[in-house]
1. Can you pull the percent of the stretch 325-451's accessible area that's carbon plus sulfur, 1.4 Å probe, other chains left in place?
2. What trypsin sites (Lys or Arg not before Pro) in the stretch 25-75 are in a loop by DSSP, with at most 11 other Cβ atoms within 10 Å of the Cβ?
3. Any idea of the accessible area per residue across the chain, 1.4 Å probe, to the nearest Å²?
4. Are there any chymotrypsin sites (Phe, Trp or Tyr not before Pro) in the stretch 342-422 that are in a DSSP loop and have at most 13 other Cβ atoms within 10 Å? List them by number.
5. Using only the Cα atoms of the stretch 232-387, each taken as one equal point scatterer with no solvent, compute I(q) by the Debye sum, divide by I(0), and report log10 of the ratio at q = 0.08, 0.10, 0.16, 0.21 Å⁻¹.
6. Just in the stretch 243-351: which chymotrypsin sites (Phe, Trp or Tyr not before Pro) are loop by DSSP and have at most 14 other Cβ atoms within 10 Å?
7. Could you state, as a whole-number percent, how many of the C-alpha pairs of the chain are farther apart than 30 Å?
8. Calculate the all-directions average of the projected area of the stretch 1-98's alpha-carbon convex hull, and give it in nm².
Amino acid sequence: MESKKEKTFKFVVVGGGIAGVTCVEQLSSQFASEDVALITAGPHIKAVTNYKQVSRRLEEFDVEEKPSSVLEEKYSNLTIIHSAVKSLRTHTHCVETADGRVFGYEKLCICSGARPKLLTQENPHVLGIRDTDSAQEFQKRLSTAKRIVVVGNGGIALELVYEVRRCEVIWAVKDKAIGNTFFDAGAAQFLIPSLEGDKEQAAAPCKRQRFTTEEPAPDASGSALGPDWHRGIELQGQTPKPDTGSWPVYVQLTNGETFGCDFVVSATGVVPNTEPFLHGNNFLLADDGGLQVDDHMMTSEPDVYAAGDVCSACWEHSPLWQQMGLWTQARQMGWYAGRCMAADVLSEPIDLDFCFELFSHVTKFFNYKVVLLGKFNAQGLGSNHELLVRCTKGQEYVKVVLSGGRMVGAVLIGETDLEETFENLILNQMDLTAYGEELLNPDIDIEDYFD
């Protein structure tokens with residue numbers, strides 16, 4: 001392979017998603033006189049737009065598909081190679097693309113993302129939604145569908161079930177509540193009226209509940225979630241009619257029920273897209289199949305880094321952070337990987353970025369603003385925690401996770417304006433025992449109180 005090498009680049013990044021694009025932009029701007037390459041299979045790349053820093057840790061942005069040429073126009077030292085990766089030879093620092101070309105690298109970053117974990121690989125009536133192409137295929141099929149079955153309980157499933165119109169939706173979830181990846185049963189109950197089209201007027205805050213949990217909450221994990229992935233796509237089927245005939249496909253559930261439908265949406269998570277890189281190399285893999293990376297985003301192979309859904313963060317995590325397949329973390333990892341590659345080339349020290357100190361994510365579900373902070377579902381805390389909850393039906397849902405009297409996580413649904421205050425309380429680890437339930441008293445301006 002080495003004899004066929006067409007060109008050697010200082011940096012090569014594989015993947016045109018958020019992690020890859022963020023990484024390659026970081027490197028192209030910092031090393032303007034060095035050759036940088038982005039290898040991506042498609043003609044479009046994912047770009048961050050409308051970026052907004054909400055607080056020290058929280059950030060909001062949109063994701064748009066743009067022609068890859070916009071990157072080449074912006075960075076004169078960047079070459080876009082339109083092809084998939086066929087193989088990688090780490091011992092010779094070479095990448096071979098599907099069209100037979102070979103490129104050398106000094107530093108490589110793998111940002112190949114993940115692929116849907118389909119219920120079955122061969123059935124044409126089972127569809128996974130991961131990228132723009134699959135979303136458009138879903139729109140096309142939905143336009144003539146009368147009934148679909150959605151399997152899964154992550155972000156894609158949540159938004160899909162909410163957005164689909166004029167088509168009967170059977171939603172199959174194995175959990176006791178919807179949105180188990182992001183919410184507890186209380187938050188799910190708050191959201192259900194939106195799902196059912198209940199437009200009741202806002203009510204006064206209900207009585208705040210305080211309770212402890214007896215069993216550990218499951219670790220949060222789920223499919224990659226893009227902000228407003230459905231925007232600009234008309235998710236509308238045919239008006240459902242009585243079930244009088246046969247269906248193209250039938251789904252049998254573990255509860256014994258069987259449903260016929262036009263097609264099945266498999267939204268049951270993703271699998272790291274590592275396959276092209278493993279053969280002939282010695283990558284260490286995590287339990288989820290992702291490439292293990294250390295606190296400098298380095299894999300077990302020399303000069304090879306990874307970022308986004310393809311990798312698993314295998315350093316000792318902050319007690320307030322966990323990895324989830326989200327666009328926000330893909331951007332953060334891509335940016336940090338670029339900085340780590342640069343630091344290595346320049347022989348400069350680099351500390352773990354502060355974005356890995358506290359998990360923070362802001363998105364929208366069912367047209368509500370949703371902010372998740374820290375151990376928002378009490379992940380890994382066992383029974384050693386208690387919850388404070390405030391709920392105003394149709395308006396807001398606020399949950400605080402306390403451990404040892406200190407705030408370690410929070411879920412904010414609606415326009416609560418509490419995210420910055422709670423972020424500070426979590427990071428400062430102030431003992432809040434003395435405040436008790438007054439912490440969520442709607443008559444107290446908590447922002448001024450802790451300012």
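1. Numbers: 2050 of 4850 Å².
With neighbouring chains kept in place, the figure for the stretch 325-451 is 42 percent.
2. Details: sites: Lys46, Lys52, Arg56, Arg57, Lys74; in loops: Arg56, Arg57.
Sites meeting the loop and neighbour criteria: none at all.
3. Numbers: 20670 Å² over 451 residues.
Per residue, the chain has 46 Å² of solvent-accessible surface.
4. Working: sites: Phe354, Phe356, Phe359, Phe365, Phe366, Tyr368, Phe376, Tyr397, Phe422; in loops: Phe359, Phe366, Phe376.
Within the stretch 342-422, no chymotrypsin sites (Phe, Trp or Tyr not before Pro) qualify (loop, at most 13 other Cβ atoms within 10 Å).
5. So the normalised log intensities work out to -0.40, -0.58, -1.04, -1.34.
6. Working: sites: Tyr250, Phe259, Phe263, Phe277, Phe283, Tyr305, Trp315, Trp321, Trp327, Trp335, Tyr336; in loops: Phe283, Trp315, Trp321.
Sites meeting the loop and neighbour criteria: Trp315.
7. Values: 49599 of 101475 pairs.
Of the Cα pairs, 49 percent sit more than 30 Å apart.
8. Mean projected area of the Cα convex hull: 7.3 nm².
The values are calculated or read from the model by the stated rules, or taken from the named source; none is laboratory data. Predicted, not measured: the structure shown is a model, and the values here were computed from it. Quick reminder, even Gly has a Cβ in these numbers, built from the backbone with ideal geometry, and neighbours come from all protein chains shown. With ligands, DNA and RNA removed, areas are computed over all heavy atoms of the protein, side chains included. Shrake-Rupley method; radii C 1.70, N 1.55, O 1.52, S 1.80 Å.
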